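Worksheet: one structure, shown below.
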Amino acid sequence: MAGVKEFVDFLGGQPPYDALDLDDLERLAESIEAEYFPAGAAVVSAGDDPLNHLWVVRTGSVEVLDRGRLVDQLHVGDTFGQVSLFSGEKPTLSVTASEDCLLYRLDDPRGVLQRPDRLRFAAYGALVTRPRVSAHPTGLRDRALVPVSRYAPVSYTHLRAHETDSYLAC
């Protein structure tokens, strides 16, 4: 029971699980399996069978990759796998441990919780609520941060800078 309390305490402090009442948190915590992944290990591979569970990062971090290109990095408390789980589609992105990490594997909450409607997942919340990985000090750049003028045909170079330097939206 001590393990369940740790799971409840941890999940209860993380969105979207913080919206659950104690009974539902305990139900969800009882379904958790903790899994260790060494740095570089694949957690989810794009194109695999649809997921029947969610993952929550407990320690360490994982990289989200689109055809080998880093698109996000998830840290303690971040959830992934919800898009495949809820859509029933194969994962379109891969997730790899960027360092040794402990992940919580949670069963599909729709079959565990009394009030699954209280869970509100953002499809790619980490991309919206945190600075983009492309702004990371490593110097990684993303086309979403490159001025449109860089891609403008030569005939448009006569426009004033403020007319062409709008940024692409993700």
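The Rg/Rh ratio of region 1-52, with both radii computed over alpha carbons and Rh defined as the Kirkwood radius, is 1.07. Here V57 sits with roughly 0 square angstrom of accessible surface, probe radius 1.4 Å. Per residue, the average separation of C-alpha pairs within less than 8 Å and at least 6 apart gives region 1-69 a relative contact order of 22 percent. The fraction of accessible area contributed by carbon and sulfur in region 1-117 is 49 percent, rounded to a whole number (1.4 Å probe; ligands and nucleic acids excluded). In the context of the full set of protein chains, residues of region 1-95 present 49 Å² of accessible surface per residue (probe radius 1.4 Å, heavy atoms only). Which distance in nm do the two modelled labels at R110 and V4 give, with both placed 7 Å along the Cα-to-Cβ direction? For R110 paired with V4, the spin-label model returns 2.5 nm. Close amide H pairs (under 5 Å, H built 1.01 Å from N) link D100 with A39, residues at least 5 positions away or on another chain. Counted residue by residue at 0.36 nm each, then reduced by the alpha carbon distance between them, the extension gain from D18 to S87 reaches 22.6 nm.
The values are calculated or read from the model by the stated rules, or taken from the named source; none is laboratory data. Keep in mind the model is a prediction, meaning the values are calculated, not measured. With ideal geometry, Cβ positions are generated from the backbone for all residues, glycine too; neighbour counts draw on all protein chains shown. Accessible surface is based on the protein model in full, side chains and every heavy atom, while ligands, DNA and RNA are left aside. Shrake-Rupley method; radii C 1.70, N 1.55, O 1.52, S 1.80 Å.
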